[in-house]
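Working notes for the structure below.
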Amino acid sequence: MSKQPRQPSARQTVLTGITTTGIPHLGNYVGAIRPAIAASRAADVDSYYFLADYHALVKNRDPARLRESSLAVAATWLALGLDTDGSVFYRQSDIPEIPELSWIISSLTAKGLMNRAHAYKAAVQENEDSGSKDPDKGITMALFSYPVLMAADILMFSANKVPVGRDQIQHVEMARDIAQRFNHIYGDTFVIPEAVVDDKTAVLTGLDGRKMSKSYDNTIPLFEPAKKLRKLVMKIKTNSLEPGEPKDPDDCTLFDIYKAFATEDETAAYRARLEAGAGWGDAKQELFEYLDAHLEGPREEYSKLLADPGHVESVLQAGAEKARARSQALISKVREAVGIAALS
Ligand code: TRP
């Protein structure tokens, strides 16, 4: 086997979308926002982060909530220090080339490929389990073609790396399939993307001890006012051990959350206090104070941004302008390649 010559280290493009459903919580922060913001500061990558509001529309029929969530998500990322000069931060619906590309690539995407998408299959399964005569009951075309739109998001900016959660790996693989098919038919046009799943990123435990997730209704929103934050921390489920009895930090939601925020030394000290028999009330108070101290600064910034949506909008518009320089160039190439072009 001949050894492939190593490519000169080309700049990498990293891209990820954030569906604008709901208000970001601690789990989103630890699992997605924090690593993405850290990555946006790396010097040798071009990073693209966007609000996936067309994807949010798939399951949201409430315009006020969709708007509220877009503002909340944008303000959260900005408050936490996303570097908008060093990265491109935009809203999907500000890039008309994305739905255009989505249509073009859907012309060569096998329906059978979409039939295999987990989200669609799960929806069909649910209908079958509930004894419905129609397996597609309540399933929209947008839910069905969700992976095509996501492929357009990714291929539009020639992303090499797509950081996602495990549940999204299949979608990135579909984007690869679609890109390869297009390149095969029309010539080299798209970069073949790769999913990046970081096994080290923490999956946070929620109030009830299950994974923190909006669908379990067990989340702690990132920027609740201190009083509400304290109330939620006090609600975290613990066991019935009394003060003085040793607690097992490795089976303890308080510890799990503390660890996701604190330094190694602080974490070791918290562990030691639990093992020495700290009471649950004290351990909760300590977790609350720790979180509050760390979130206070960004929370203040977040409130300022929420009160000034015009500023957030202008940041997004500036991002869209940068993004469109790329998307307009790419869509011209694609149109040309498929034969949708001016006649003279
Ligand atoms: N579907 C992704 C999610 O639910 C969000 C998303 C939309 C996305 N478009 C994307 C992620 C493109 C990565 C790349 O998490």
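Points to keep in mind about this one:
- Candidate cross-link partners of K235 among the lysines, defined by an alpha-carbon separation under 19 Å and a same-chain spacing of 8 or more, comprise K211, K214, K227, K247, K259, K284.
- Sorting K259, K322 from the fewest to the most surrounding beta carbons within 10 angstrom yields K322, K259.
- Shape summary of segment 1-127, radius of gyration then Dmax from alpha carbon positions: 17.9, 59 Å.
- The chain, helix-only ellipticity at 222 nm - DSSP H runs n ≥ 4, -39,500 (n - 2.57), divided by all residues, nearest 500: -16500 deg cm²/dmol
- Residue ranges 281-289, 27-35 sort as 27-35, 281-289 when ordered by packing (mean number of other C-beta atoms within 10 Å per residue, highest first).
- Applying a DSSP loop filter and a limit of 11 other Cβ atoms within 10 Å to the trypsin sites (Lys or Arg not before Pro) in segment 81-136 leaves K133.
- Tail beyond 37 Å, pair distance distribution of the chain (Cα, percent): 28
- Scaling against 2.2 N^0.38 Å puts the C-alpha radius of gyration of segment 142-249 at 1.62.
- Segment 223-303: Rg to Rh, with Rh as the Kirkwood radius over Cα pairs: 0.99
- Within the chain, the selection of entire DSSP H helices by a Cα span of 15 Å or greater along the long axis and an average Kyte-Doolittle value of at least -1.0 returns 63-79, 141-156, 169-186, 280-306, 309-338.
- Of the residues T20, L287, V334, the one whose Cα sits farthest towards the positive end of the charge dipole of the chain is V334 (charges of +1 on Lys and Arg Cβ, -1 on Asp and Glu Cβ, taken about the Cα centre).
- Among T16, T205, T267, the largest mean-square fluctuation in a Gaussian network model of the chain (Cα springs under 10 Å) belongs to T267.
- Relative contact order [Cα under 8 Å, 6+ residues apart], the chain, whole percent: 21
- With the convex hull drawn around the C-alpha atoms of segment 267-319, the volume per residue stands at 97 Å³.
- D208, D94 arranged by Cβ crowding within 10 Å, fewest neighbours leading: D208, D94
- Likely footprinting exposure, M141, M114, M156, fewest C-beta neighbours within 10 Å first: M141, M114, M156
- The Kirkwood hydrodynamic radius of segment 142-189, based on inverse pair distances between different Cα atoms, is 11.2 Å.
- Rounded to the nearest 20 debye, dipole of the chain from Cβ charges on Lys, Arg, Asp, Glu: 820
- For the chain, built as a Gaussian network whose Cα springs stay under 10 Å, the top-fluctuating residue of F157, F50, F261: F261
All of the numbers you see were taken from the coordinates with simple rules; none came from a lab. Only a predicted model underlies this, so the values are computations on that prediction, with no experimental measurement involved. Neighbour counts are summed over all protein chains in view; Cβ atoms, including those assigned to glycine, are modelled from backbone coordinates with ideal geometry.
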